[in-house]
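The values are calculated or read from the model by the stated rules, or taken from the named source; none is laboratory data. Worth saying up front: this structure is predicted, and the values here are computed from it rather than measured. Don't worry about glycine lacking a Cβ; one is built from the backbone with ideal geometry, like all the others, and counts go over all protein chains shown.
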């Protein structure tokens, strides 16, 4: 395992799942303007609350109307998913994808991944690893994968190991990121601008989470879920700031989005302490949550003016 350099503050587990962040990190390392993918990452807290707090959906299964096929087109990428029956049968297609696109993502079962001890022989979760190259002589694959610390690292995997973890995957798919012809490709700013404008038209946020926190009981599951809500707010606002950073006209909005992320981190950490100790610092948490709501309203007003 070797450390892999990338923007850890932006591409992390707070918001993005393994497939999303690994794909985006790889695309950025090969020169794609991935910041444009986050044009609608100021996700309504009501949507986050609905999925993560009320429905108890894990963060890695969080869904919003972003990072879709249409969005990848705006950065010059045709994103698609291909099913496979077995890893061995898929090798020629995987190698072709690597030769064409420089990488490919393949699904596996994290239950069999030893460098994820929190899941190893404990929990079956569909996971993705990034394959970068294949040495046909010794059957070794160069890859990028998540480690327990939350970071991405470079690995050398044997074919036998990948066969085991990939063939155990419940959803056997690999994801490819094909570069589009230049005339349809990256830098299609009018398309990004239109998507951004349309994303603002019907956006609403009632900040119902404020009522949830105010009436929160000492229910560990409930507190942990609310901590995950603020984790998604944290990660998504950092990604949104990455998008805003590209345009000098959005400099104040970018700073504000990062301040929201910092405050969301503080609330998340306080809620995690509450879940662990039962000590609810209401006089600290409630004003911070209300401050986030106020900053969110100011951010929206800045963008919509």
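Checking the condition more than 27 Å from residue 32 (Cα to Cα) and either at pLDDT 90 or above or not assigned by TED's automatic domain parsing to the domain that holds residue 226 (or both), which residue from 270, 256 passes?
Values: 256 fails: more than 27 Å from residue 32 (Cα to Cα).
The conditions single out 270.
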Q) Would you say residue 67 is within 29 Å of residue 297 (Cβ to Cβ) and either in contact with a helix residue (DSSP H, G or I) (Cβ under 8 Å, 6 or more places away or on another chain) or in a helix (DSSP H, G or I) (or both)? A) yes
Exercise for review: Determine if the stretch 1-17 includes at least one residue that is surrounded by 17 or more Cβ atoms within 10 Å (Cβ to Cβ) and outside any loop (DSSP other than H, G, I, E, B).
Suggested key: no
**Message:** Would you confirm whether or not the stretch 54-69 contains a residue that is free of Cβ contacts under 8 Å to residues at least 12 places away in the same chain, touching a strand residue (DSSP E or B) at 6+ places or on another chain (Cβ under 9 Å) and farther than 17 Å from residue 145 by Cα?
**Reply:** yes
By residue number, the members of the stretch 270-281 that are out of contact with any helix residue (DSSP H, G or I) (no Cβ under 8 Å at 6 or more places or on another chain) and on the phi < 0 side of the Ramachandran plot are 273, 276, 277
Those residues of the stretch 25-50 that are within 22 Å of residue 268 (Cβ to Cβ) and either assigned to a helix (DSSP H, G or I) or assigned by TED's automatic domain parsing to the domain that holds residue 241 (or both) come to a total of 7
Reported set for the stretch 71-96 where residues are touching a strand residue (DSSP E or B) at 6+ places or on another chain (Cβ under 9 Å), closer than 21 Å to residue 168 by Cβ and either modelled with pLDDT under 95 or not in a loop (DSSP other than H, G, I, E, B) (or both) is 81, 82, 83, 87, 90, 91, 93, 94
